[in-house]
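In what follows, a structure is listed as C-alpha cells, so that the remarks can point back to it.
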Amino acid sequence: MWSTRLAFILAASGSAVGLGNIWRFPYTAGEYGGGAFVLVYILCVVLIGVPIMMAEIMLGRRGRRSPINTMRALASAEGRAPAWQLLGWMGIVAGFLILSFYSVIAGWTMGYIFRAASGLFTEIDATGAGEMFSGLIGDAERLLAWHTIFMVMVVLVVARGVAGGLEKAVRILMPALFVLLVVMVGYGMQAGDFDTAVAYLFEPDFAEFQGKAGEAILSAMGQAFFSLSLGMGAIMIYGSYLKRDSSIAQNTMIIAGLDTLVALLAGLAIFPIVFAHGLAPDSGPGLIFQTLPIAFGDMPGGSFFGALFFVLLLFAAWTSAISLLEPLVAWLVENLSFSRVRASVLGGLTVWLLGIACLLSLNAWSEVKIFGKGFLDLFDFLTANILLPLGGVLIAIFAGWMLSRASSSDELQMDDGPAYRLWRLLIRYVAPIAVGIVLLNAVGVLGWIGLG
Ligand code: PHE
C-alpha cells in the first residue's frame, strides 16, 4: 500500500505525465492544426477522462488485485459474467504494445541527453536539428542500444516492487521537470513567436480539421486516454494499492489537472520555437527533437539545461513505463506464482522483442506496412486510438451499469449528492456514448449503416 495519499498521487501522476504530454501531445496537436484539436482534447479529459479515471481507481481499490483478477472478483461479487476479466487481458496486450514503442522513444530521449551535454546543440539551426534527428532514427544499432538500456531500467524497478525509491524520486524530479518547462515557456515568450503559438493552440477553428474531423476527434480522444494512462489497468492497479480513506474524486482532479497542465505547458514551450523558425507544426513524431535543440542551442547554459531537460523527460518516461508493465507482472505473480523478478524479466524480454520491430520500422523496415503504417505507427494508433478507448468504454459500462449503485457510492465515498449524480451521469451515458460514436465512426460502421 502507498504510505500516504501523496504517495498515490505522485505514483499516478508519474504514470500519467510522460512522453505522452511532452512528445506526443505537441506533435499530434500540430498534425491536426492546433486550437480545435486542443479544445476537443480538453473536453475529452473533462467529460470522459475524469469520470473514467475515478472509475478505474474505484474498481482497483475495490478489487485489490491485478486488473484481470480484480475484474473477475468484482464481476463475481456483483453477479456478472466472468467474461469481464477479458478487460484485464486487453489491458495487458495494450500495455505490451505501448511499452514496445514507448521504450524506443525514451531511447531517443537518452540519445539527446548526450547530444545536449556534448555541446552539439550550440547555435544549431532548423536544418541542423532536422539532420541530427534523422541521423539518430536512421541508425538502427544506436536505437537498439538505447531501447535495450531503457528496458533494463524498467525491468530493474518493476522487479523490485513499485513503491519506495520511485516515490522519493518522483517527489523531486517531477517538480523539477515542471519548473524547467516553465523556463522553456519563458524562453518562448522572449525569443520565440509566442503570440502566434498562443493563438495557434487556443483559438479553435474547426476548419483546421480540413475534412478529417472524424480522424482528428479520434486522435484527440486517444490522446486523452493515452496521456491520462486510462483504459489498460495501469491506474486501476495503482488504485488497488490506495488506502480506503482517501478521496478518489479529489485525487483524480489533481492527477488529471496536473497532466493537462504539463501537456499545455509543453505546447507553449514548443510552438513559439516552431513558428519563430518557420518549422512545420505537422512535422510529426520528431517535432520536439527538432525544435528544442534550437532553443537550447541559443540560450546561455543551453548545453546544461538541454541535458537536464532530457534527463527529466527520460525520468518521466521511466515512471510511465513502469506502470505499463505492472499489470502483467502483478498477474504473473498472483496466478502463476512467478517471483516478481522472473515475471518482470519475462515481460521485459517480450516487450524488448516487439520494440525491435518498432525501431526497425524507422529505418531498415521502412517499407514494411500493415494497414499503411509501419510497426511503430501501427502500435501507437492501435493502442491510443482503439484499445485504450475500448478499454475505457468497458470500464465505464462496468462501473456505471454492472456495479450496483450501493457499491460505487460506497467505494467512492460519495453519498447520493449532486457530485455523485454527475459522475454517474457521465459514466453511464456521456462517456460510453461519446467514445462509442467516435470508435464506430473510426471503424467505418457509421458510414456503413448510413449515419456517418
Ligand atoms: N500516460 C503516459 C504518458 O503520457 C503513457 C501511458 C499510457 C502510461 C497508458 C500508462 C498507461 O506518457
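A short reminder: the numbers here are calculations on the coordinates, not readings from a lab. Just so we're clear, the structure is a prediction, and the values are computed from it rather than from any experiment. Using ideal geometry, Cβ is built from the backbone for each residue, glycine included, and neighbour counts are taken over all protein chains shown.
A few points about this structure:
- In a reduced charge model with +1 at each Lys and Arg Cβ and -1 at each Asp and Glu Cβ, the stretch 126-260 shows a dipole moment near 860 debye about its Cα centre.
- Of all aspartates and glutamates in the structure, those lying under 16 Å Cα to Cα from LYS212, and not within fewer than 8 positions of it along the same chain, are GLU31, ASP282.
- Label-zone membership for the stretch 415-441, site LYS373, 7 angstrom Cα→C-beta point, backbone N under 16 Å: 439-441
- In terms of overall dimensions, the stretch 69-161 has a Cα radius of gyration and Dmax of 20.4, 65 angstrom.
- By the Stokes-Einstein formula, at 0.692 mPa s and 37 °C, the stretch 339-445 with its Kirkwood radius over alpha-carbon pairs has D equal to 192 µm²/s.
- Sparse-neighbourhood loop sites, GluC sites (Glu not before Pro) in the stretch 110-200 - DSSP loop, at most 15 other Cβ within 10 angstrom: GLU123
- Within straight-line cross-link reach of LYS243, lysines at Cα separation under 25 Å, skipping those fewer than 8 residues along the same chain: LYS168
- Cα gyration tensor shape for the stretch 180-309, rounded if a/c is under 1.5, else prolate or oblate: oblate
- Relative to one another, the C-alpha centroids of the stretch 85-159 and the stretch 413-440 are positioned 36 Å apart.
- Proximal charge balance of ILE124 [Cβ under 10 Å; K/R count +1, D/E count -1]: -3
- The mean sequence separation of alpha-carbon pairs under 8 Å and at least six residues apart, normalised by the residue count of the stretch 83-226, gives a relative contact order of 22 percent.
- Taking the convex hull of Cα positions in the stretch 1-156, its mean projected area over all directions (nm²): 13.0
- Per-selection Kirkwood Rh - the chain (Cα, Å, 1 d.p.): 22.1
- Test item: Cα-centred dipole of the chain, Lys/Arg +1 and Asp/Glu -1 on Cβ, debye: 1820
- Of the residues GLY49, GLY450, LEU180, the one whose Cα sits farthest toward the positive end of the charge dipole of the chain, with +1 on the Cβ of Lys and Arg and -1 on the Cβ of Asp and Glu, is GLY49.
- An oblate overall shape is assigned to the stretch 274-316, the ratio a/c of its alpha-carbon gyration tensor axes (a ≥ b ≥ c) being 1.5 or greater and a/b not exceeding b/c.
- From most to least packed by mean Cβ count within 10 Å, the peptides 151-157, 392-398, 219-225, 191-197 give 219-225, 392-398, 151-157, 191-197.
- Computed from label points 7 Å out along Cα-Cβ, the spacing between LEU336 and GLN210 is 4.6 nm.
- The Cβ shell under 13 Å around LEU136 holds other residues with a net charge of -1, Lys and Arg each +1, Asp and Glu each -1.
- Spread of Cα-to-Cα distances over 10 Å intervals beginning at zero, given as percent, for the stretch 371-419: 23, 31, 21, 16, 10, 0
- Positive-end extreme of charge dipole, the stretch 199-303 - chosen from ILE254, MET221, SER283 (charges on Cβ): ILE254
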